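Okay, structure first, notes after.
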Amino acid sequence: MPELPEVESVRRQLDPELSGKRVLEVWVDPHPMVPRQFQRIAELKGRRISCVGRRGKFLISPLDRGLELVMHLGMTGVFRFEVSDPYTRASLTLDDGRRLIFKDVRRFGRIAVVDAGRYDTIPTLAHLGPEPLSDEFDPGRFSLWLTRTDAPVKPFLLSQRPVAGVGNIYADEALWVARIHPASRRVGPKRARLLHTAIREVLSAAIDREGTTFSDYRMVNGESGRNASFLFAYGRGGEPCPRCSYPLRKIVLGGRGTTYCPRCQRY
Ligand SMILES: [Zn+2]
């Protein structure tokens, strides 16, 4: 499932392709399970895309006439410039003659047009925490969030409220780097600062490697990210901890597979 580094890699490829282009035609899969995720997409027709930005795992493109295009890859969404296949959910014909295809096997992705900045129909985006690599992500405020909640730290990170864009992969990674047990409810100011630094480190490193590919995530050019072989904990249950060699343990926490080191990640 694409997280912030994967979405950022897609953004960096889409931005030069879409900036300044006008949308001439819009097509959406008529399958009954699809339409809710493509709210107001017909209004894209005739609009000019100024650039492709990002907030958390959302791609956001300002359009003319005070509108905004919001795109989310869901679990399996992929953008390509090529011919449609049975998994094509939407396509945009651009004024340079090319067609941008949105393929999505599992159908959790979405492409919506909204009035700029009005995200009431997209609650996760409306309540999104600060961008982790911006100055908005302040260690003091992050620490306050963590001391005030009584939720276990990993599910709390996944809520996107204390910080945007951290999903299952990078939550496991950051908690391993900061030596914090994923179910801990006692993350004090000192450990909160370590976690703040760790989140930035693992996300920046993954962006440099164009994200982590397991099965579905691909960039616009069809290539995989290179981060998978650099992971410390995620997906490595049973393997020795890279720090202390004790076998990493896999548990289910808040409904999500979670891997951690029982020896060096403290509750
Ligand atoms: Zn360890």
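Here, each number is a calculation from the coordinates, and none is a lab measurement. Predicted model, so just to flag it, every value in this text is computed and none were measured. All Cβ positions, glycine included, derive from the backbone under ideal geometry; neighbour counts span all protein chains shown.
Things worth noting here:
- Paired Rg and Dmax values of the stretch 4-125, which use every Cα atom, in angstrom: 13.0, 35
- For the stretch 139-260, size of Cβ-based charge dipole, Lys and Arg +1, Asp and Glu -1, in debye: 620
- Mean residue ellipticity (222 nm) of the chain, computed from DSSP H runs ≥ 4 via -39,500 (n - 2.57), nearest 500: -7500 deg cm²/dmol
- The three principal axes of the Cα atoms in the stretch 222-267 give end-to-end lengths of 40, 26, 16 Å, sorted in falling order.
- Evaluating kT/(6 pi eta Rh) at 10 °C and 1.306 mPa s, with the Kirkwood radius of the chain over Cα pairs in the Stokes-Einstein relation, gives 82 µm² s⁻¹.
- Over the stretch 115-182 - Rg/Rh using Cα atoms and the Kirkwood inverse-distance radius: 0.99
- The count of lysine pairs in the chain with alpha-carbon distances below 23 Å, taking only pairs 8 or more places apart or on different chains, stands at 8.
- Taking one quarter of the surface of the C-alpha convex hull of the stretch 139-260 gives a mean projected area of 7.6 nm².
- The long axis of helix 168-178 is offset from the longest Cα principal axis of the chain by roughly 30 degrees.
- Cα-Cα pairs of the stretch 61-167 separated by more than 18 Å (percent): 62
- For the stretch 173-256, GluC sites (Glu not before Pro) are listed when DSSP marks them as loop and at most 13 other Cβ atoms sit within 10 Å of their Cβ; the list is E223.
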